[in-house]
């Protein structure tokens, strides 16, 4: 990811140099810049849609706050520019899928400091971001509201893992503040993985609206689905990624006449390990097979790890184990764990019986639920 971001920064620096030169050398350019600055808060509200120093605040701009802004920029890199690699030819599309899968893995790992065991690194990260960006930008207009929330989050030594089985989930303002440091994690990667799935199949031409979540017609504003599929004979289908936005999808369908429905990854991937609290990333073998061969013909969404060339007698770090075990909170429940996170004696027991139960150690393709039998064109 470093080279991706370095080149994005080069584009930003290029524009800054153009701007600086023209302000110094061109009177007309400078006069327009002064007109923009005279607009005050109206212009700043526009600018806050590109970086907002804080987490979401009800009733306040911007529409999506820092977490959404960072996610939109990351998704634009992939769907707005990077996808031109996929558009070259079939071989380049395979390379595009492989690159994006690894970028998705890095995106998931950004949230690796949520577990309490990583709280010291979490604090170090927070301080690094604050110092690197500078207080005046990191906290919107040096707003005491965001500063107070940041300091509370900085002092938190517990898990910043939002959902059950966490018996003591963090307060919403602490979790929102921590989440605002990253492009939205789970939702963002899932959206990109669904986008990749659609590119792999011939369901229609894929139109991404991931970074354009409002459509305007005169004074009317409409929230569209995340993706449109353009099919033959003028058929258009809307896909909303994730659940819980049925009303938004219904409103869009009623107004436009475009049928819209919700989709998600099979078995609600990706998974968070119930033992260590980190996200489980996609393994090298899945990335290789998915990028080279596309969606499996039988739509089987998993591979057995024992048949993988990287299995290495169970030492591959990305093996997923779906069993009943004791999680990080002392609760025994059936969940997905890193195989590496299980106790040695438990791993030995599983390996000794693996021939009879190969489905216990698996890796998952990021396939989309509900589109298995959707007709291709």
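When you restrict to C-alpha pairs under 8 Å that are six or more residues apart and normalise by the size of the chain, the relative contact order lands at 14 percent.
Modelled spin labels at residue 49 and residue 6, positioned 7 Å past Cα toward Cβ, are 3.3 nm from each other. Here the stretch 201-267 carries DSSP beta bridges of which approximately 75% are antiparallel, counting only pairs with both residues inside. By the count of neighbouring beta-carbon atoms within 10 Å, fewest first, 112, 305, 283 end up ordered 112, 283, 305. Among 163, 94, 306, the largest mean-square fluctuation in a Gaussian network model of the chain, built with springs joining Cα atoms closer than 10 Å, belongs to 163. For the options 303, 216, 360, a Gaussian network treatment of the chain with springs between C-alpha atoms closer than 10 Å singles out 216 as fluctuating the most.
Working note: 222 nm ellipticity from helices only, DSSP H runs with n ≥ 4, each -39,500 (n - 2.57), summed and divided by the residues of the chain, gives -13500 deg cm²/dmol to the nearest 500. A straight chain from residue 333 to residue 312 at 0.36 nm per residue would run longer than the Cα-Cα distance by 4.8 nm.
Each peptide among 36-45, 310-319 gets the average number of other Cβ atoms lying within 10 Å of its residues, and from highest to lowest they stand as 310-319, 36-45.
Extension gain, residue 322 to residue 163, is 55.4 nm, computed as 0.36 nm per intervening residue step minus the present C-alpha separation.
Of the peptides 270-278, 338-346, 2-10, the order by per-residue mean of other Cβ atoms within 10 Å, starting with the highest, comes out as 270-278, 338-346, 2-10.
Between 227, 350, 133, the residue with the greatest mean-square fluctuation in the GNM of the chain (Cα pairs under 10 Å linked by springs) is 133.
In the chain, the DSSP beta bridges split such that about 85 percent are antiparallel, to the nearest 5.
Each value in this text was obtained by applying a stated rule to the coordinates, not by laboratory testing. Note that the structure is a prediction, hence the values are computed from the model and not measured. Reconstructed Cβ throughout: ideal geometry from the backbone, glycine too, with neighbour counts over all protein chains shown.
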